[in-house]
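Visitor: Please see the structure below; I have some questions.
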Amino acid sequence: MNSPRDHHEPDDGAPIVPVRFAGGDATGDEHAAARATQVRRAFVVGAAIVLFSVVLAVIFVLPRYLAPGSPAPAAVPAPAESAPATVAGAPTMEPEAIAELRRSNQAQLEQLLGLVDQLEGKNVTAWAASEFTAARGQISEGEKAYREQRYAAADKAYTRALTSLQTLLERIDPVVAEAVEDGYAKLTARDAAGAEKSFRFALAITPEHERAQTGLARAGTLDQVLALINEAAGYAELGDLDAALKRYREALALDAEAPGAAAAVARIEEEKLAARFGRAMSDGLGAFAAERFDAAKSAFKTALQLKPGSRDAADALAQVENRILADRIAAHLRAAATAERDERWSEAASQYRQAAKLDPDLDGASANAARASARAKLDQQIETILAKPQRLADDGVHREARAVLAAARQQPAPGARLTGQITRLENTITLARTPVVITIMSDKLTDVTIYRVGELGRFGQHSLSLIPGSYVAVGKRDGFRDVRVEFNVSPAQADAMITVRCEQKLAFGS
């Protein structure tokens, strides 16, 4: 097909530049030489004027004859404009109207050539050869009319061609979609060759079509995939589920949409899961019957992990956990009872508390824990008093000890430990208020005072009775350093001797 650049632009003839020679007084050869020089100069000037005129025409005149957005056509021969232009079958038109119509023809042709290129890139001859050929014929018809200056006829031919080509462009997507769907239908029918042909046809039109690319890849592996699926089905019939599963997965690795493979994999995996679940439940029930509760719990948990929604596994797990919990509670209660019999009240309280923590609704556990804690506190109070009997010299401590003794006597059914504690506490309290005779030795020169008792004065030896406790004796003597003696009085130290005398002389003026 000829392009518009071959037919739609005329070339203008170069203007003739008149040359006028200057006359003078020269004669002979000099006059001839002068005329020759003038001719050459006139020719150069004329050529320059012609070139300048062409440049001006290109810059200022030519753009007026181009449609907006259209590329500037190259200069081609144009019809002569010396005579009035006419359009076939129409009255004489004004030059500007003719020029506008010519520009419209040129723009139409440029658009048509672009559509032709676009359709040829879409392999149009493979799916609309006759329609495309007819449209090109319309373009040729328009070009012929243009060359013959029948611009209105050219416009009609070009318009028909545009309509035809645009219709073909609108058919591209449906044609490709139909080919792709046909390819997938052939895949389903296991027709690898037919599917490949359909997908290649679609890709020849739209190479970037993803579904067509995917379908072509599937068509290329279809025979191998079908062979793997058949082999897998054979293994499944023989009961070799692992081998069948392997083949199905190999088929899916080649084609993620391998016919029936995904469903077969799901079915086999479900069968294997059911078998594992059944084994776990069986193991759990056997362990529970044998009272191996930890093993039963582990088995039921495995079953529940395999089938999280299984009511059977959940109920069995709850049953074994309840049994384990009951055993743990019973163990704490037994330990508490044993500790209570042995009057190890702190341990008994701890065991009761642990049992109550496992089952907050457990009858009596919290009350027993509180009772054991109270007995443990009483036991600790008694042992503290017995460990430091000298503190009973303090009236407040003495009153507290008597209150503890009263509480101990009120305990129902005291055991051997509490009975012994009561006896020892009674004796300790009694002895704490029984005076003990002690002897204080001095030098008859030292003034002796015992805090909380009084001044004893100077003596060599002095006996007095003091209740058990801690005391401080102070000795003073003029010219000597004071002395301070701390001592304890206890029933076990009757007739003890304490020495209080000042022996270190002060050195004055040294």
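Visitor: Take the residues in segment 114-142 that are among the small types (Gly, Ala, Ser) and within 16 Å of ASP173 (Cβ to Cβ); name whichever of them is least open to solvent (accessible area, probe 1.4 Å).
Guide: Of everything passing the filter in segment 114-142, ALA128 is least open to solvent (accessible area, probe 1.4 Å).
Visitor: Would you pick out the residues in segment 165-213 that are open to solvent by 10 Å² or more (accessible area, probe 1.4 Å), under 41 Å from the mean Cα position of the chain (by Cα) and of a type in the set (Phe, Trp, Tyr)?
Guide: Once the filter is applied, which keeps residues that are open to solvent by 10 Å² or more (accessible area, probe 1.4 Å), under 41 Å from the mean Cα position of the chain (by Cα) and of a type in the set (Phe, Trp, Tyr), segment 165-213 yields only TYR184.
Visitor: Right, here's the next one. Any residue in segment 232-250 that is under 25 Å from GLN118 (Cα atoms), under 37 Å from the mean Cα position of the chain (by Cα) and in a helix (DSSP H, G or I)?
Guide: no
Visitor: Among the residues of segment 287-306, write down those that are within 19 Å of LEU273 (Cα to Cα), open to solvent by less than 20 Å² (accessible area, probe 1.4 Å) and either aliphatic (A, V, I, L, M) or modelled with pLDDT under 90 (or both).
Guide: If we filter segment 287-306 for residues that are within 19 Å of LEU273 (Cα to Cα), which is where we start, we get 298-306.
Checking which are open to solvent by less than 20 Å² (accessible area, probe 1.4 Å) leaves us with 299-300, 303.
Matches in segment 287-306: ALA299, ALA303.
Visitor: Within segment 236-256, can one find any residue that is closer than 18 Å to GLY183 by Cβ and open to solvent by less than 40 Å² (accessible area, probe 1.4 Å)? Steps first, please.
Guide: Within segment 236-256, the subset closer than 18 Å to GLY183 by Cβ is 254-256.
Still in the running and open to solvent by less than 40 Å² (accessible area, probe 1.4 Å): 255.
Yes, segment 236-256 contains a residue that is closer than 18 Å to GLY183 by Cβ and open to solvent by less than 40 Å² (accessible area, probe 1.4 Å).
Condition check ((1) in a helix (DSSP H, G or I); (2) at pLDDT 90 or above) across all residues:
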site	(1), (2)
LEU362	no, no
GLN390	yes, no
ARG399	yes, yes
ALA408	yes, yes
PRO414	no, no
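Visitor: Right, GLN319: within 30 Å of GLN421 (Cβ to Cβ), modelled with pLDDT of 90 or more and within 42 Å of the chain's Cα centre (by Cα) or not?
Guide: Considered against the rule, which asks whether it is within 30 Å of GLN421 (Cβ to Cβ), modelled with pLDDT of 90 or more and within 42 Å of the chain's Cα centre (by Cα), GLN319 comes out as no.
Visitor: Right, next: Determine the pairs where a residue that is free of Cβ contacts under 8 Å to residues at least 24 places away in the same chain, located within segment 191-212, has a partner that is open to solvent by 20 Å² or more (accessible area, probe 1.4 Å) and not aliphatic (A, V, I, L, M) with Cβ atoms under 6 Å apart, the partner being 6 or more residues away or on another chain.
Guide: GLY194/LYS186; SER198/ASP182
Visitor: Among residues belonging to segment 406-419 that are of a type in the set (Gly, Ala, Ser) and surrounded by 12 or more Cβ atoms within 10 Å (Cβ to Cβ), point out the one that is nearest to THR338 (Cα to Cα).
Guide: Checked segment 406-419; the qualifying residue nearest to THR338 (Cα to Cα) is GLY415.
The values are calculated or read from the model by the stated rules, or taken from the named source; none is laboratory data. Note that the structure is a prediction, hence the values are computed from the model and not measured. Every residue, glycine among them, receives a Cβ derived from its backbone with ideal geometry; neighbour counts consider all protein chains shown. For the accessible areas, the whole protein counts, side chains as well, though only heavy atoms, and no ligand, DNA or RNA atoms are used. Shrake-Rupley method; radii C 1.70, N 1.55, O 1.52, S 1.80 Å.
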